[in-house]
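What follows is one structure encoded as C-alpha cells, with my remarks underneath.
The values are calculated or read from the model by the stated rules, or taken from the named source; none is laboratory data. This structure is a prediction, so every number in the text was calculated from the model and none was measured. No Cβ is skipped: glycine too gets one built from the backbone with ideal geometry, and neighbour counts run over all protein chains shown.
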Amino acid sequence: MKWPFRSRIIRHTEPSKREFASGDSPFLELIDQHIKEHVGEPQTVIHEIASEFVHIDVHVVPPRPGRDFYTLVTSGMSNKPMTTPKQAKGRGFEFAELMLCMPSSWNIENYQVVSGESSEKDWPLLWLRRLARFPHEYKTWLWWGHSIPNGDPALPLSATTQLCGWVLAEPKLVPDSFKLLTRPDGAKIFFFAVVPVYKEEMAIKIAEAPKNSRNCLRHSR
C-alpha cells in the first residue's frame, strides 16, 4: 500500500558525489561543556571512525536520580550550515544539533564502538547520527516540526521495533537554557529533540500539519 500522504512529502535524491569528513567537531568541547552545565556529565562520547559530509559524535549522559533515562546529544551537525529555504535565510537558523532520550534499560559500555553490526540494539544511536548527517548529505534543512518517515511506504526503523519514522520537536526534558547555544563567532546552535513515531502517528502528523511543515524522505536513484 502506498503512503497515503505522498504529495506532502519532500523527496531527496541520493547525492551523486560522496564527501568525507575527518576529525572531531571544532565545537565538540563547547557542546560538551554546554551539556555538562545544563543536562549532566556525559558518561562517554561515542566518536565516529569514518564519516561522510560531517563528523558526528554522540555525547551520552547516563541516568541519575530524578532523571531516569539516557540523554544522547550530537555534536558535528553544526560544523556546517544547513541549506535553509528562502524564508529562513539570514535569520540565523543554519545550525542545529539533535538529542534523543532513551530508557534506563538501554545501556552502552564506555568506549564501545557502535556500528551496523549492533543495529538491532543500537539503532536509536545509529539513526541519530543519520538524522544529524541528513541535511548536509541532501543539502536541505531540518527544523522544529519536520518529520522523516523511513521510506514510502514507511518501514520499521529496525527489525526489533514497529516505529517507522521521526519527528523533530522542542526538547521537553531539558531546561530552556540548554535549547540554544551561542558559539564564539556569534552563530547560534539550536537543539532539537528527535521523537520516534509509529506509522499511524506519522500519518496523523503529516495529514494535520501545516503545509509549510516539511516531511522529508530520502529517495534513492
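Values for this structure:
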{"item": "Residues of region 21-42 satisfying the condition of being under 14 Å from ALA132 (Cβ atoms) and assigned to a helix (DSSP H, G or I)", "result": "LEU28, ILE31"}
{"item": "Breaking point among (1) under 26 Å from TYR138 (Cα atoms); (2) at pLDDT below 90; (3) buried (at least 16 other Cβ atoms within 10 Å of the Cβ), for ILE108", "result": "(1)"}
{"item": "Top-ranked residue in region 43-73 [being in a strand (DSSP E or B) and more than 22 Å from LYS179 (Cβ to Cβ); ranked as farthest from the chain's Cα centre (by Cα)]", "result": "THR44"}
{"item": "Boolean, LEU168 is over 26 Å from ILE49 (Cα atoms) and assigned to a strand (DSSP E or B)", "result": "yes"}
{"item": "Options TRP166, TRP141; residue that is among the aromatic types (Phe, Trp, Tyr), under 16 Å from VAL73 (Cα atoms) and under 15 Å from the mean Cα position of the chain (by Cα)", "result": "TRP166"}
{"item": "Residues of region 48-79 that turn out to be in contact with a His (Cβ under 8 Å, 6 or more places away or on another chain) and modelled with pLDDT under 90, as a count", "result": "2"}
{"item": "Residue satisfying all of: in region 36-61; among the hydrophobic types (A, V, I, L, M, F, W, C) and in contact (Cβ under 8 Å) with a residue 40 or more places away in the chain; surrounded by the fewest Cβ atoms within 10 Å (Cβ to Cβ) among these", "result": "ILE49"}
{"item": "Failed item, numbered, when GLN87 is tested on (1) assigned to a loop (DSSP other than H, G, I, E, B); (2) over 19 Å from the mean Cα position of the chain (by Cα); (3) closer than 19 Å to LYS139 by Cβ", "result": "(1)"}
{"item": "Identity of the residue in region 62-73, touching a residue at least 40 places away in the same chain (Cβ under 8 Å) and touching a Ser or Thr at 6+ places or on another chain (Cβ under 9 Å), that ends up surrounded by the fewest Cβ atoms within 10 Å (Cβ to Cβ)", "result": "PHE69"}
{"item": "Where VAL174 falls short, out of the listed (1) within 19 Å of GLY92 (Cβ to Cβ); (2) part of a loop (DSSP other than H, G, I, E, B); (3) modelled with pLDDT of 95 or more", "result": "(1)"}
{"item": "Counted residues, region 177-200 - those being part of a loop (DSSP other than H, G, I, E, B) and either surrounded by fewer than 14 Cβ atoms within 10 Å (Cβ to Cβ) or in contact with a strand residue (DSSP E or B) (Cβ under 6 Å, 6 or more places away or on another chain) (or both)", "result": "4"}
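The rows are residues; the columns are (1) among the aliphatic types (A, V, I, L, M); (2) modelled with pLDDT of 95 or more.
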site	(1), (2)
LYS121	no, no
ASP152	no, no
GLU170	no, yes
LEU181	yes, yes
MET202	yes, no
